Amino acid sequence: AQQQRNLDNIVSQQPRISGGKKAKREGCASSELEVKTTSPMSEQDSGILDVEDEDEDEEVPGAQDLVDFSPVYRCLHIYSVLGARETFENYYRKQRRKQARLVLQPPSNMHETLDGYRKYFNQIVGFFVVEDHILHTTQGLVNRAYIDELWEMALSKTIAALRTHSSYCSDPSLVLDLKNLIVLFADTLQGYGFPVNQLFDMLLEIQDQYSETLLKKWSGVFRNILDSDNYSPIPVMNEDVYKKIVGQFPFQDADLEKQPFPKKFPFSEFVPKVYNQIKEFIYACLKFSEDLHLSSTEVDDMIRKSTNLLLTRTLSNCLQNVIKRKNVGLTELVQIIINTTHLEKSCKFLEEFITNITNVLPETVHTTKLYGTTTFKDARHAAEEEIYTNLNQKIDQFLQLADYDWMAMEPSSKASDYLVDLIGFLRSTFAVFTHLPGDVDVHSTMSGKVAQTACMSACKHLSTSLMQLLLEAEVRQLTLGALQQFNLDVEECEQFARSGPVPGFQGDTLQLAFIDLRQV
């Protein structure tokens, strides 16, 4: 069956995965073997195949070469002469039923290695090849109905065993090898006229599980990529490195191309790495669908559904974990925002990549869309939220150092130390935002907006917190000196707002954050 399949693949010139290692079968194709061909072109080319098959048949021993059937024939002859043929027929069938049950009992550790599965399948193939030979070489010792009934039992027991054992398997490459083995097993028995549709149906169930094992594996891959990233733009020293990165990730920017070396890509290394791993995942999904006799639309649908799970569940969780990590710095969060923007733009290239593999156009009625854009948008919003929260927490830490003497007679000559430090921290933080590298459009629209929102949110938070300090219930009375000291601090805040820490604010928008505090 394997040789036949390899021939089909050569003839139809469809590069396909070869089905696992060559299995040594207890019973191999006998001379009556008519293998159901798996390739669409094989019928037209059957002439070529017939010629090649004759050569192959010489190499493959039939059942009669591997098993000595003479004791069965002798017994049948003796019983027939004695007029008790029916007794022997009943005895033979009863014994073989018992043997079938033994053969169909899988070993408990079958799921641990491919050899375990191979041995199990070989026993079953061997059993039915022998029965098929008996069917064709004796007049009625067994009949078609008896064999069909045995096959029904074998099919249900085999499928139950495979369901149980394959569910223990967590290694995607073993699941893939198992699938190839099942396809060969089915093709072999189909050659003897046994119906095997149920096996192919079950392979679709195993495929869901294969997807799950892939998702688990890729979760680890993404975690490693994100953990080892330095979250700073990729520096490029020469043309070769530039071309290499542009080859790995679809990025075009005329301005960056014109710049002299050394220059920097706006994104960090995790962008091309994640993009390539998504493509690797798509290839891994495709491997399973080969030889399952599926239409290109079904394959396309399967790949898209699995890839959507990879994006919306696996990658999304990994990104959220990085964003929510303790001690994640603002520069890292800003870089994540830039990275996810570039990954979001690359989603249309992933769509094209799948279309090129499956030849199913995205306009087709039932085509599932990729949800990559939502994954990256969500991650970006989470990173933005984290920046605002992060900043406010830092402001709170500075405010804990505030120590106003509400009964002071004279103010000091300058703003409080804690507030000067706090404003210094805010200035340096927003300098990070405004000196972001990268292409103009992403920089101006995205990090610009984030910087503005973060700055406004920080000023409002600071203003509210200072108001609470002033209106604190424990403060029963205060002197003019204390109020003047507080006024110096508020002036320091207003001065910061006026200095335009982040470009792009209309007029005195930022100062409005402190207007209520000024009134009070």
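Model label sites at LEU469 and LYS324, defined 7 Å from Cα along the beta-carbon direction, differ in position by 3.3 nm. Residues whose amide H lies under 5 Å from that of ALA408, counting only those 5 or more places away or on a different chain, are THR479, ALA482; hydrogens are built 1.01 Å from N in the peptide plane. Take segment 64-194 with all the other protein chains still there, run a 1.4 Å probe, and you get 47 Å² of accessible area per residue. Take each peptide in 194-203, 180-189, 117-126, count the other Cβ atoms within 10 Å of every residue, and average; sorted highest first, the result is 180-189, 117-126, 194-203. Using θ = phi - 60° in the Karplus curve 6.51 cos²θ - 1.76 cosθ + 1.60, the 3J(HN,Hα) couplings for segment 91-103 round to 4, 4, 5, 5, 4, 5, 4, 4, 5, 4, 4, 5, 4 Hz; x is entered for Gly and Pro. Full extension of the segment from GLU112 to SER296, taken as 0.36 nm per residue of separation minus the current Cα-Cα distance, would add 63.0 nm.
Separation of the alpha carbons by more than 25 angstrom is noted, of LYS217/LYS449; LYS243/LYS324; LYS264/LYS449; LYS243/LYS345; LYS179/LYS273, for LYS217/LYS449; LYS243/LYS324; LYS179/LYS273. Accessible surface for THR509 stands near 50 Å², nearest 10, in the context of the full protein assembly shown (1.4 Å probe).
From the alpha carbon centroid of segment 257-282 to that of segment 175-218 is 37 Å. The heavy atoms of LYS279 offer some 50 square angstrom of accessible surface to a 1.4 angstrom probe. Available extension along the chain between HIS77 and GLN393 is 104.3 nm, counting 0.36 nm per residue and deducting the alpha carbon span. Take the Cβ atoms of ALA160 and LYS287, set R0 to 35 Å, and the FRET efficiency comes out at 0.85. In the chain, taking the dipole from charged Cβ atoms about the Cα centre, the farthest positive-side position among GLN335, TYR231, TYR91 is held by TYR91. Distances between placed amide hydrogens fall under 5 Å for LYS264 paired with VAL236, all partners being 5 or more residues away or on another chain. Residue by residue, segment 325-340 carries 3J(HN,Hα) couplings of 4, 5, 6, 6, x, 5, 4, 5, 5, 4, 5, 4, 4, 5, 4, 5 Hz when phi is fed to the Karplus relation 6.51 cos²θ - 1.76 cosθ + 1.60 (θ = phi - 60°); x denotes Gly or Pro.
The residues of segment 401-519 expose on average 54 square angstrom of accessible surface per residue, using a 1.4 Å probe on protein heavy atoms.
Under a 5 Å amide H cut-off, with hydrogens placed 1.01 Å from N, ASP229 pairs with nothing among residues at least 5 apart or on other chains.
If you model segment 64-194 as an ellipsoid using its alpha carbon gyration tensor, with each semi-axis the square root of five times an eigenvalue, the axes come out at 34, 14, 12 Å, biggest first.
The order of the peptides 494-504, 93-103 by mean Cβ neighbours within 10 Å, most packed first, is 494-504, 93-103.
I need to check one value: relative contact order of segment 401-519, counting alpha carbon pairs closer than 8 Å and at least 6 residues apart, in percent.
On the way: 99 pairs, mean separation 53.1, N = 119.
Reported as a whole number, the value is 45 percent.
Rolling a 1.4 Å probe across the protein heavy atoms gives segment 233-274 an accessible surface of 56 Å² per residue. Considering only protein heavy atoms and a 1.4 Å probe, what is the carbon-and-sulfur percentage of the accessible area of the chain? The value for the chain is 52 percent carbon and sulfur by accessible area.
The solvent-accessible area of ASP417, taken with every protein chain present and a 1.4 Å probe, is close to 100 Å².
The values are calculated or read from the model by the stated rules, or taken from the named source; none is laboratory data. Remember, predicted model here, so these are calculated numbers, not experimental data. Note: ideal-geometry Cβ built from the backbone for every residue, glycine included; neighbour counts use all protein chains shown. Just the protein is used for accessible areas: all its heavy atoms, side chains included, with ligands, DNA and RNA removed. Shrake-Rupley method; radii C 1.70, N 1.55, O 1.52, S 1.80 Å.
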